Amino acid sequence: MVSEKTTSTRDQVAPATQGRPVSRPPAPSAWATRLVVLGIVLAALNLRPAITSLGALLEEVRSGLGMSGGVAGLLTSVPPLCFAVFGVMAPRLARRFGAGAVVCAGMAAITAGLLVRPYAGGTAGFLAASALALMGIAVSNVLMPVIVKRWFPDRVGSMTGLYSMALALGTSAAAAVTVPMTDALGGDWRSGLVVWAGLAAAAVLPWLPLAARERRTTPAARTSARVEAPAVLRITRSRTAWALAVFFGLQATAAYITMGWMPQIFRDAGVPASTAGLLLAVTMVMGVPLAFVIPRVATRLPHQGPIVVVLGLCGLAGYAGLHFAPAAGAWAWALLLGVSNCAFPLALTMVGMRARTSGGVAQLSAFAQSAGYLLSIPGPLLVGVLYQHSGGWGLPLALMAALMIPQMAVGVLAGRDRTVEEETAR
């Protein structure tokens, strides 16, 4: 299996560190392993509700805060901007404080941001509080593959599938229940957004003892636990890293356009708001089973390109359906776009497969996600501008379909069986 090939080299030392003894931390106890699994699942559940809950109530938030279409487009571009800016800091923070401590702080930041943003007062305060929550999401995004590689080196595919499935579940749940929950709480969009802070607060708890455990380790073991990588990995010399970054950016563009604007597409076609939220939930919930299956299949293939192409074709079919019959075939288009959005767990799986060590995964994950999210920033904003100025969804959907072609091309390149350590060594 490819996963066995990928993980069998986890104790190898990169050329820059060969010949030097490397201190290993003691084997984790059973309770610590179970706690990590629980922490991963709870953290993953909180990596998207801050975004999809807003997408379900975007029209109400726009009205309540007096936003134009362009500003709303900017709002949907804030997540990738924060992921690009803050995600690149994650490996450095993990080396200094430990990955568990950083994820714990990330969950606390999500909690604080979600508590504050509905009541921050005005668009600027709403954006600032959203950025705080998204900062916590950003560092956790980058460190999830690192934690999986570190704690479960022989189960990269299955554990990536587990947290991808939990991520999809949190995403779809927020999309599905935010509108009816808002109605049950009196119809105020602020109440519908703030309740998700409770889920984030629960995710802090399992990471507290894990962060304390990191502090109790010896300095040598702590260094090994945090960084298992060459001192300098010139990641920008790797063609695979660049292909993976562009693939990550284009799939993120599609995902955040979908999460931010798909309910509005359906509502403009005459679909009720509650049904539009359910359609977004269907799109997101497709990731629950597929996010578990796709990583496991991907780790068993020598080349992940065929999966990339299948997902891309589903996306093209979904965009075509939204253009020609958005209301009549709404459920079919939601399903197809849900399949297409599973490029995200595939990208995370390839991050874990394209590096030999956990430190290499950390650097590749930070580069691919930060560069990728930076690339994705203009997409949702441009969709908002095109929608406002054209008065319809023809041009935005044409843009989304056009971006799917290069996404498939670079995904095929990123799926080749090689590692960034090999490429940078050359």
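The values are calculated or read from the model by the stated rules, or taken from the named source; none is laboratory data. Here the structure is a predicted model, which is why all the values come from computation and not from measurement. Note that we place each Cβ from the backbone using ideal geometry, even for glycine, and neighbour counts take in every protein chain shown. Side chains are part of the model used for accessible areas, which takes the heavy atoms of the whole protein and leaves out ligands, DNA and RNA. Shrake-Rupley method; radii C 1.70, N 1.55, O 1.52, S 1.80 Å.
So, Leu337, is that one surrounded by fewer than 24 Cβ atoms within 10 Å (Cβ to Cβ) and not charged (D, E, K, R) or not? Spelling it out, it is not the case that Leu337 is surrounded by fewer than 24 Cβ atoms within 10 Å (Cβ to Cβ) and not charged (D, E, K, R). Could you tell me whether any residue of region 160-170 is within 23 Å of Ala366 (Cα to Cα), touching a residue at least 12 places away in the same chain (Cβ under 8 Å), assigned to a helix (DSSP H, G or I) and among the aromatic types (Phe, Trp, Tyr)? Yes, the conditions are met somewhere in region 160-170. A single entry from Arg92, Arg150, Arg117 fulfils the requirement of being over 27 Å from Ala291 (Cα atoms), buried (at least 23 other Cβ atoms within 10 Å of the Cβ) and among the basic types (Lys, Arg): Arg117. Within region 376-388, the set of residues being surrounded by 19 or more Cβ atoms within 10 Å (Cβ to Cβ) and within 15 Å of Ala254 (Cα to Cα) comprises Ser376, Ile377, Gly379, Pro380, Leu381, Val383, Gly384. It is to be established whether one or more residues within region 353-365 are among the polar types (S, T, N, Q), within 23 Å of Val285 (Cα to Cα) and not in a helix (DSSP H, G or I). No - not one qualifying residue is present in region 353-365.
Among the residues of region 334-346, write down those that are in a helix (DSSP H, G or I) and either in contact (Cβ under 8 Å) with a residue 40 or more places away in the chain or small (Gly, Ala, Ser) (or both).
If we filter region 334-346 for residues that are in a helix (DSSP H, G or I), which is where we start, we get 334-340, 343-346.
Answer for region 334-346, where residues must be in a helix (DSSP H, G or I) and either in contact (Cβ under 8 Å) with a residue 40 or more places away in the chain or small (Gly, Ala, Ser) (or both): Ala334, Leu335, Leu337, Gly338, Val339, Ser340, Ala343, Phe344, Pro345, Leu346.
With respect to the conditions (1) assigned to a helix (DSSP H, G or I); (2) at pLDDT 80 or above, Gly64 lacks only one, and its number is (2).
Residues in region 72-82: is at least one at pLDDT 80 or above and buried (at least 18 other Cβ atoms within 10 Å of the Cβ)? Walk me through how you get there before you give the answer.
From region 72-82, those at pLDDT 80 or above are 82; that's our starting set.
So of that shortlist, the ones also buried (at least 18 other Cβ atoms within 10 Å of the Cβ) come out as 82.
Yes: region 72-82 contains one or more residues that are at pLDDT 80 or above and buried (at least 18 other Cβ atoms within 10 Å of the Cβ).
Among the residues in region 304-325, are any of a type outside the set (Phe, Trp, Tyr), open to solvent by 10 Å² or more (accessible area, probe 1.4 Å), outside any helix (DSSP H, G or I) and touching a residue at least 24 places away in the same chain (Cβ under 8 Å)? Among the residues of region 304-325, not one is of a type outside the set (Phe, Trp, Tyr), open to solvent by 10 Å² or more (accessible area, probe 1.4 Å), outside any helix (DSSP H, G or I) and touching a residue at least 24 places away in the same chain (Cβ under 8 Å), which makes the answer no.
Restricting the search to region 244-255, which residues are aliphatic (A, V, I, L, M) and open to solvent by less than 10 Å² (accessible area, probe 1.4 Å)?
First pass over region 244-255, keeping only residues aliphatic (A, V, I, L, M): 244-246, 250, 252, 254-255.
Leu244, Ala245, Ala252, listed by residue number.
Taking the listed residues Ala368, Ala401, the one that is open to solvent by less than 40 Å² (accessible area, probe 1.4 Å), among the hydrophobic types (A, V, I, L, M, F, W, C), within 20 Å of Leu313 (Cβ to Cβ) and in contact with a helix residue (DSSP H, G or I) (Cβ under 9 Å, 6 or more places away or on another chain) is Ala401, with no other qualifying. The single residue among Ala138, Ala128 that is of a type in the set (A, V, I, L, M, F, W, C) and under 29 Å from Leu337 (Cβ atoms) turns out to be Ala138.
Is it the case, given these coordinates, that Gly125 is surrounded by fewer than 21 Cβ atoms within 10 Å (Cβ to Cβ) and assigned to a helix (DSSP H, G or I)?
Numbers: surrounded by fewer than 21 Cβ atoms within 10 Å (Cβ to Cβ): yes; assigned to a helix (DSSP H, G or I): yes.
Spelling it out, Gly125 is indeed surrounded by fewer than 21 Cβ atoms within 10 Å (Cβ to Cβ) and assigned to a helix (DSSP H, G or I).
Going residue by residue through region 389-397, is there one that turns out to be within 20 Å of Ala276 (Cβ to Cβ), open to solvent by 10 Å² or more (accessible area, probe 1.4 Å), out of contact with any Phe, Trp or Tyr (no Cβ under 7 Å at 6 or more places or on another chain) and not in a loop (DSSP other than H, G, I, E, B)? Yes.
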